[in-house]
Amino acid sequence: MPTITEILKRLVIGRAKRSEELHETLLPKRLALPIFASDPLSSVAYATQEILLVLTLGGLAYLRFTPWIALAVVVLLAVVVLSYRQVVHAYPTGGGSYEVVSTNLGPSAGLVVAASLLVDYVMTVAVSIASGVDNVISALPRLAEHRVLLALAFVALLTAMNLRGVRESGRTFAAPTYLFTGGVLIMVTTGMVQYALGNAPLAQTAHYGVTPEPGTADLAGAALVMLVLRAFSSGCTALTGVEAISNGVPAFRRPKSRNAAATLAAMGAIAITMFAGVTALALIAHVRITTDACRLTGLPGNCHAYTQRTVIAQIAAAVFGGERSFGFYFIQAATALVLVLAANTAFNGFPLLASILAQHRYLPRQLHNRGDRLAFSNGILALAVVAGLLLWGFKANVTSLIHLYILGVFAAFTLSQLGMVRHWNRELRAEDGAAVRRRHHRARAVNAVGSVVTGLVLVIVLATKFTQGAWLAVLAAVVLWVTMRGIRRHYDTTAAELAVTDPKGELTLPSRVLALVLVSRVHKPTLRALAYARAFKPDRLEALTVAVDRGEAAELERRWEEYGIGVQLKVLDSPYREVTRPVLEYVRSIRRESPRDVVAVFIPEYVVGHWWENLLHNQSALWLKSRLMFTPGVMVISVPWQLTSSVRAAARPAARAPGSVRRGEPRNRVAGRR
């Protein structure tokens, strides 16, 4: 019978897939949209709110800047979408910004983009889930005290779904994304119709006032500009995840580039419509929200006990007729669900980018391996662990996490557009056709505008968010960049060291082989190790023991002679009761005497059936092996002896192995006809 662990794994992840089934996981556009675009679409739920939170620091008077800030965000989003459509067509193999920058600006600049995006993917998971939990609490305030637990539970759920594979997670997440999109568009349309008919929706907080923070009541000049720029940088969270489609082009069905570009255009159009609509309704309904509820004036009760509802929750209540209406609960449920699932964009982008980096030897090679369901399981688990730690450390608070956000994505935007300008310059030098050159000139103009605009936004974001916590994201990206450089240097050094330069010289036989069999007592494992060593036919064979206890050593020698084993037993004295040091010193002395000889050390070991039995056996052998491995010219050979518990464990039926045949399945499907 399969073990409990195997049963749970199959229930959570599903049956393993063959490598040949990879083509079956490719995505049509209808599934690719919710998988790769759930982050930018769902950011509509909090992008407007972040703008209002910053502007209300100075009081209600500064809300007049909201339409202009929203317009700037819309223009920026349109420019970035157009720019990434060029990337999708020019670099259809995936990798997105990282591949563009590495190819055109060099590996070091490419690593800057990679480090920035990896950090931003982690932040996407943390912020999306924290915001989703906020919307759950807006509908069910009693859950506020369980905020962190809810967030970690959502991380675990997303991890399990993504371990099942990209296509399966897409099917699961498609419905919530489309329900959210449809719900918001219906809410925006309904609210605008009400406004046009003279019955504008009014938020429950519309009659509240806002007390400015000290020193922000009468801002002017540079201080006012900084407040507006800070609000703009917060609103730019609407652009997070736009690059995910360019990273995931290989996951699309053919024609890959065309399908990815169409999905990107659809995502941009939907995101712009929803963001503009939600922002307009927030102003029409006079939504009030602040960083601290006690700055709201006119509250009926204790401000410390008041839980502020999110902007989208207040709009839904105003449009659909109150907090008990079906429309309100539908929008809250869809918003909470899609915000949690928005992290799925990162769960697809992070493992894919990490896999490419691992393939290029900038990250551990294990991140390039696919799991049972052909997903990059190690990358998914790594993302889940880091994001979970962030949510726990920052108590799943959106306001605290948002300052660490979007810095990395704008670094990637800027560098990728610069890389694309250089790409088109190179293409223009090689192209003579007038029509093609005109297309290249237009594409270069789009990317040039994109690089300038996103570069300015990067400076704004860095200036306005650095001291509020963005320095942590910068530090994390720098540490990751240095680490990836170190990993690549290690892999390159190792490859150079292992490269074969003189095949005949490497195949030269040693002068002699000296075999040492370690003996603790005379029993079956020892005799098997001796027999195995003899089968090697070494030039010299010795049995070696360490006299930790003189009485036991004498008894061992007596029994050795009694059994007539016929192999010299050498006893090493150990007055300080050490085992490892005397053996190492003896082996090294042999190497010093005959540097061209090879010393083969045979170590009898128990094979156990339960993990806890390892704590009772083989500890000295493991430590000794780890030390001997560092000694040049020494080969360490483990000679296993299977205890009864291991035999029983091996006899238990294992989970279905790749290539095995299920009951009722024709054998010739696997092994061919006989």
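Here, each number is a calculation from the coordinates, and none is a lab measurement. These figures come from a predicted structure and were not determined experimentally. Ideal geometry is used to build each Cβ from the backbone, glycine not excepted, and the neighbour counts take in all protein chains shown.
Brief remarks follow.
- On the beta carbon distance between Lys29 and Arg442, with R0 = 22 Å, the FRET formula returns roughly 0.35.
- Taking the number of Cβ atoms within 10 Å of each Cβ as an exposure proxy, the fewest-first ranking of Thr66, Thr190, Thr181 is Thr190, Thr66, Thr181.
- Near-label residues of segment 566-585 by backbone N, under 12 Å of a point 7 Å along Cα→Cβ of Arg512: none
- Centroid-to-centroid separation of segment 427-497 and segment 514-578 [C-alpha atoms, Å]: 63 Å
- Cα-based helix-to-principal-axis angle, 550-563 vs the chain, degrees rounded to 10: 60 degrees
- Ranked list, fewest to most other Cβ atoms within 10 Å of each Cβ, for His423, His146, His368: His146, His368, His423
- Across Lys29/Lys395; Lys29/Lys465; Lys504/Lys570; Lys537/Lys570; Lys256/Lys465, pairs whose alpha-carbon gap is larger than 28 Å: Lys29/Lys395; Lys29/Lys465; Lys504/Lys570; Lys256/Lys465
- The chain: angle of helix 619-628 to the longest principal axis, Cα-based, in degrees nearest 10: 90 degrees
- Relative to the longest principal axis of the Cα atoms of the chain, the long axis of helix 434-465 makes an angle of roughly 90 degrees.
- Extension gain from Ala156 to Thr189, taking 0.36 nm per residue of separation minus the Cα-Cα distance: 8.3 nm
- The stretch between Leu60 and Thr211, if pulled fully straight at 0.36 nm per residue, gains 53.5 nm over its current Cα-Cα span.
- A straight Cα-to-Cα reach below 13 Å connects Lys524 with the aspartates and glutamates Glu605, residues fewer than 8 places away in its own chain not being considered.
- Note on the chain: with charges restricted to the Cβ of Lys and Arg (+1) and Asp and Glu (-1), its dipole about the Cα centre is near 2140 debye.
- Segment Arg521-Ser594, extension gain: residue separation times 0.36 nm, minus the distance between their alpha carbons: 23.4 nm
- Sum of side-chain charges, Lys395 neighbourhood, beta-carbon under 13 Å (Lys, Arg +1; Asp, Glu -1): -1
- Near Gln642, the amide H atoms lying under 5 Å from its own belong to Val607; only residues 5 or more places off or on other chains count, and H is placed 1.01 Å from N.
- Averaging the sequence gap over all C-alpha pairs within less than 8 Å and six or more residues apart, then dividing by the number of residues, gives the chain a relative contact order of 20 percent.
- FRET efficiency, Cys303 to Trp392 (Cβ-Cβ, R0 25 Å, nearest 0.05): 0.35
- Helix-only CD estimate at 222 nm, as mean residue ellipticity for the chain, using -39500 (n - 2.57) per DSSP H run (n ≥ 4): -20500 deg cm²/dmol
- For segment 512-651: rounded, prolate or oblate by the Cα gyration tensor [a/c cutoff 1.5]: rounded
- Residues whose placed amide H lies under 5 Å from that of Ser574, excluding near-sequence neighbours: Ala547
- Summarising the strand pairing of the chain, around 5 percent of its internal DSSP beta bridges are antiparallel.
- Sorting Arg64, Arg295, Arg437 by the number of Cβ atoms found within 10 Å of their own Cβ, with the fewest placed first, yields Arg64, Arg437, Arg295.
- Arg534/Leu616 FRET efficiency (R0 41 Å; Cβ-Cβ; nearest 0.05): 0.85
- Radius 13 Å from Cβ of Asp549, net charge of other residues (Lys, Arg +1; Asp, Glu -1): -2
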